[in-house]
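A short write-up of the structure that comes next.
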Amino acid sequence: MKQLSTKVTSNGHGQDSSYFLGWEEYEKNPYDEIKNPNGMIQMGLAENQLCFDLIESWLVKNPDAASLKRNGQSIFRELALFQDYHGMPEFKKAMAEFMEEIRGNRVTFDPKNIVLAAGSTSANETLMFCLAEPGDAFLLPTPYYPGFDRDLKWRTGAEIVPIHCSSSNGFQITESALQQAYQQAEKLDLKVKGVLVTNPSNPLGTALTRRELNLLVDFITSKNIHLISDEIYSGTMFGFEQFISVMDVLKDKKLENTEVSKRVHVVYSLSKDLGLPGFRVGAIYSNEEMIVSAATKMSSFGLVSSQTQYLLSALLSDKKFTSQYLEENQKRLKSRQRRLVSGLESAGITCLRSNAGLFCWVDMRHLLDTNTFEAELDLWKKIVYNVKLNISPGSSCHCTEPGWFRVCFANMSEDTLDLALKRLKTFVESTDCGRMISRSSHERLKSLRKKTVSNWVFRVSWTDRVPDER
Amino acid sequence: MSQLLSKLASSDKHGEASPYFDGWKAYDNNPYHPTHNPHGVIQMGLAENQLCSDLIKEWIRKNPQASICTAEGIDSFSDIAVFQDYHGLKQFRQAIAAFMERARGGRVSFEVERVVMSGGATGANETLMFCLADPGDAFLVPTPYYAAFDRDLRWRTGIRIIPVECNSSNNFQVTKQALESTYLKAQETGIKIKGLIIANPSNPLGTSLDRETLESLVSFINDKQIHLVCDEIYAATVFAEPKFISVAEIILEMVHVNRDLIHIVYSLSKDMGLPGFRVGVVYSYNDVVVSCARKMSSFGLVSSQIQSFVAAMLSDQRFVDNILVEVSKRVAKRHHMFTEGLEEMGISCLRSNAGLYVLMDLRQMLKDQTFESEIALWRVIINKVKINISPGSSFHCSEPGWFRVCFANMDEDTLQIGLERIKDFVLGDKASKNKNCNCICNNKRENKKRKSFQKNLKLSFSSMMYDEHVRSPKLMSPHSPLLRA
């Protein structure tokens, strides 16, 4: 339709991707324990539903915040009218302190450098508008969150050039991969404005190592470009390791208050850590005043509702609550992840060893007919339509190797997870590979376990040039 | 750093450097308060509706289950907290559609599936531009128009605004002639016009379009096969004839019109006085636009907490019917109070029947009919009279001397004080200029006297005070809230 913009007629929204098609199939036939026990189980949705009871009990204990009162007095009118794009100061202060707490209070965030946005979806798009002209490029390590194709490129006109990461080293970012991506952009005549990473990673479920973070900071320093670190899963870290933020690295390298630090920006949101995606709370953190200023004005297009700001500033200011929440959240995520991993193992399936996130990066390469993306898509269709599990194929995340799938574990009950694992096991056993397993299950599991250990050992030794912090 | 940023970030196309925002800054620096700061600046540049918050508060008190955070509503908490489907809660869309219908007297119906969320009307307008136009394309906008359209329609979208000039000679009504000639001129210079955007009721005029004018606008866009975006966010503030007529009604009658060209923007910020809740709506008759706008709504979804609350509140038909009546009534009362107060001192306004403001005619007070004089007068009003009002030039008015003054964003006492200050200023200055004129007029029927009085309203611009304000630098402020004003 010539009368409409090219944005409408192109498919820059990225919604034709299998990532979203799986969701659509789920919508048509959603699982319900009682009403639709044979329906599709949603495992393609990275939601955190594990800790609502903690928030609900806080609400019950804090009726003032819950009912828009301050010291017993209604502040409804004040909230109804509050639309200052600078945001509520008490809310930004509470966000800053929460972000500090997640990082073990090792770094500080100045509330004045926080810009609120309608979710990290809006935060990422706004940063693109501020940093890139149409046609400029950002480098992103693969695999990456499928929504980035829409969020970073669609209305901004920016381009994404992938930094190819491979399973040979646990999908870690390497110097050569960075350089190759940069050169590729040059070949395509694209001006590189920066690198964007998700840390912890979606879909890998792993936090970046200090080595990778140092590498990134050195790289953007030498190329004089930006680094955006999307740290929306920072509060979902459940492994033994501590979460290392790009802010930690700037501090350790003594780069705070330097030119470089002004090119490093953090994106945050309460959608994953607190499990409140419906409330649309996102944030940009930048040390560069011009970006804070421009992004603040742009936030007019997606402000955070005043009611939400008020409620959450009270919630996040309750330090007893936040420390208890973060600890409990970590515990429950860890337990869920273990449940998924061991369930998959009993079906002869391994995952990338993960220490964060709401999903696992699952290795189903051995179930492919051929080592191709067509085969991956075939397998995915079988899992969606026959096994009735919506999981996300690696190709939708721009993974360069076929056979990897992202499987979420925190958006359903334990019973539903167990059912999903049972279905998957039944499916695997019915395949050629599965029959092999049942015939010599003991041997196969042994060799799979060896593979798992050796993978893990390989990753550990690879990163062992510096003391292991993964 | 600026070369490391995009042009968007380093330019000032956001429009915030305009003098429009200086008034804000003056207010920010010295806000009026009845007890803490009685000599502060009174905010009359903010088109907010504070007149019916008591009704909403009462409803909230009676309906604790509407909030997902109260004991009565908490069972819904987790379902709502995770809900981020860009279709929006069905009950929210149903309630919005029903509300929009009732605000139009039930004369039209709105399809639930066409209701698309956005980050306020700010987000809705920008989203529609992204859907309807490419960078470099243009939209026609009748002047005077809402100042922030410059940002909302153009900044990140790259589209151009082509103003269609309207004049006070016919109360700033947009004429077919003006549309045709502007369109032609643009075409001749190779500019691609994608559509026309109007605010009905108008900001800053405070007038709603009559049937004939609306029909001619619809004919115009249909004839040219360009889009029509109707920003109807002040729909419920209409308090006098002509009763509000939505474009939705017009196209019911004009069946030959290409509906794919018709789009409505709505919001709860003005009619309901809830700007903080960020409830914007894109309603399009074009299926492709609905689908695209819905995907784009990801960048500015309405918080599910708010969707759930609004769904409950606006499903209460009795409440809705009552508040729609009250909004209109209370706006009318304020409007009369303010315009009559101004008339008593010989100041007239554009005759209006809607909106949360009036367009005050101060042309007679200008030193000369120039925008420089308008700005000079405006600075005096801000700094001496201490009221923040908005100069017509900030709305791209083609004639100097018009000022938009808001009346619904404060209590009655404060409005009275605002009127007193204006009166003191006008009469005090008049007295100092023309000691012999004894025509302080407080009788509406004495038209002749009023007319001669108005002729003598010119300020004494030889005073030092005026010169000071002309020379004074732009006021700086620690922060500049950009509100939908």
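State whether the residues of segment B:74-93 include one that is under 16 Å from B:Phe277 (Cα atoms), surrounded by 16 or more Cβ atoms within 10 Å (Cβ to Cβ) and more than 11 Å from every other protein chain (Cβ to nearest Cβ). Yes, because at least one residue in segment B:74-93 is under 16 Å from B:Phe277 (Cα atoms), surrounded by 16 or more Cβ atoms within 10 Å (Cβ to Cβ) and more than 11 Å from every other protein chain (Cβ to nearest Cβ). For segment A:208-249, a tally of residues being assigned to a helix (DSSP H, G or I) and without any contact (Cβ under 8 Å) to a residue 60 or more places away in the chain returns 14.
Please find, within segment A:361-377, the residue that is most open to solvent (accessible area, probe 1.4 Å) out of those that are free of Cβ contacts under 8 Å to residues at least 60 places away in the same chain and closer than 15 Å to A:Val428 by Cβ. Across segment A:361-377, the extreme among qualifying residues is A:Asp369. The helices (runs of 4 or more DSSP H) located wholly in segment A:1-109 that include 1 or more residues which are open to solvent by less than 50 Å² (accessible area, probe 1.4 Å), within 27 Å of B:Leu55 (Cα to Cα) and in contact with a helix residue (DSSP H, G or I) (Cβ under 7 Å, 6 or more places away or on another chain) occupy A:52-61, A:63-66, A:76-81. What about A:Lys331, is it part of a helix (DSSP H, G or I) and surrounded by fewer than 20 Cβ atoms within 10 Å (Cβ to Cβ)? Spelling it out, A:Lys331 is indeed part of a helix (DSSP H, G or I) and surrounded by fewer than 20 Cβ atoms within 10 Å (Cβ to Cβ). Scanning segment B:11-49 for residues that are in contact with a Leu (Cβ under 7 Å, 6 or more places away or on another chain) and under 30 Å from B:Ile323 (Cα atoms), which turns out farthest from the other protein chains (Cβ to nearest Cβ)? Once the filter is applied, the top-ranked residue is B:Ala47.
Here's the yes/no breakdown for (1) over 25 Å from B:Ser67 (Cβ atoms); (2) surrounded by fewer than 24 Cβ atoms within 10 Å (Cβ to Cβ); (3) of a type in the set (Ser, Thr, Tyr):
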| site | (1), (2), (3) |
| --- | --- |
| A:Lys251 | yes, yes, no |
| A:Asn257 | yes, yes, no |
| A:Tyr268 | yes, no, yes |
| A:Arg280 | no, no, no |
| A:Ile291 | yes, no, no |
| A:Gly302 | no, no, no |
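Considering each residue of segment A:393-407 in turn, at least one proves to be in contact with a Leu (Cβ under 6 Å, 6 or more places away or on another chain) and at positive phi.
Determine, yes or no, whether A:Arg155 is open to solvent by 10 Å² or more (accessible area, probe 1.4 Å), within 12 Å of chain B (Cβ to nearest Cβ) and in contact with a helix residue (DSSP H, G or I) (Cβ under 9 Å, 6 or more places away or on another chain). Spelling it out, A:Arg155 is indeed open to solvent by 10 Å² or more (accessible area, probe 1.4 Å), within 12 Å of chain B (Cβ to nearest Cβ) and in contact with a helix residue (DSSP H, G or I) (Cβ under 9 Å, 6 or more places away or on another chain).
If you check A:Ser286 against the conditions, is it within 14 Å of chain B (Cβ to nearest Cβ), at pLDDT 95 or above and crowded, with 24+ Cβ neighbours inside 10 Å? For A:Ser286, the condition - within 14 Å of chain B (Cβ to nearest Cβ), at pLDDT 95 or above and crowded, with 24+ Cβ neighbours inside 10 Å - is met. Output yes when any residue across segment A:117-131 is of a type in the set (Ser, Thr, Tyr) and surrounded by fewer than 24 Cβ atoms within 10 Å (Cβ to Cβ), and no when none is. No: zero hits. Out of B:Val327, B:Val279, B:Val310, one residue alone is open to solvent by less than 10 Å² (accessible area, probe 1.4 Å) and closer than 18 Å to A:Ser300 by Cα. It is B:Val279. When B:Ile56 is tested against (1) at pLDDT 95 or above; (2) more than 10 Å from every other protein chain (Cβ to nearest Cβ), exactly one condition is not met: (2). B:Ser269 passes every criterion in (1) closer than 27 Å to A:Thr308 by Cα; (2) out of contact with any helix residue (DSSP H, G or I) (no Cβ under 7 Å at 6 or more places or on another chain) apart from (2). Would you mind stating whether A:Ser168 is within 23 Å of the chain's Cα centre (by Cα) and not in a loop (DSSP other than H, G, I, E, B)? When the stated conditions are applied, A:Ser168 passes them.
Taken residue by residue, segment B:49-58 has no member that is open to solvent by 40 Å² or more (accessible area, probe 1.4 Å) and closer than 28 Å to B:Ser298 by Cα.
Here segment B:276-286 is the region considered, the condition is being at the interface with chain A (Cβ under 10 Å from one of its Cβ atoms) and of a type outside the set (Phe, Trp, Tyr), and the residue that is farthest from B:Glu48 (Cα to Cα) is B:Asn286.
B:Leu132 meets the conditions (1) in contact with a Ser or Thr (Cβ under 7 Å, 6 or more places away or on another chain); (2) farther than 30 Å from B:His335 by Cβ; (3) open to solvent by 40 Å² or more (accessible area, probe 1.4 Å) in every case but one. The failed one is (3). For segment A:175-192, the tally of residues that are touching a residue at least 40 places away in the same chain (Cβ under 8 Å) and either of a type in the set (Ser, Thr, Tyr) or open to solvent by less than 10 Å² (accessible area, probe 1.4 Å) (or both) stands at 4.
Within segment B:398-416, the set of residues being of a type outside the set (Gly, Ala, Ser), within 21 Å of B:Lys367 (Cβ to Cβ) and over 14 Å from the mean Cα position of the chain (by Cα) comprises B:Glu399, B:Pro400, B:Trp402. Examine segment B:264-275 for a residue that is open to solvent by less than 10 Å² (accessible area, probe 1.4 Å), closer than 25 Å to A:Gln83 by Cβ, within 25 Å of the chain's Cα centre (by Cα) and of a type in the set (Lys, Arg), and state whether such a residue exists. Taking every residue of segment B:264-275 in turn, at least one turns out to be open to solvent by less than 10 Å² (accessible area, probe 1.4 Å), closer than 25 Å to A:Gln83 by Cβ, within 25 Å of the chain's Cα centre (by Cα) and of a type in the set (Lys, Arg). Of the residues screened, A:Thr296 is not one that is at negative phi, without any contact (Cβ under 8 Å) to a residue 24 or more places away in the chain and within 14 Å of another protein chain (Cβ to nearest Cβ).
The values are calculated or read from the model by the stated rules, or taken from the named source; none is laboratory data. Values in this document were obtained by computation on a predicted structure and should not be read as measured data. Glycine also receives a Cβ, built like all others from the backbone with ideal geometry; neighbour counts cover every protein chain displayed. What goes into the accessible areas is simple: the full protein's heavy atoms, side chains included, and nothing from ligands, DNA or RNA. Shrake-Rupley method; radii C 1.70, N 1.55, O 1.52, S 1.80 Å.
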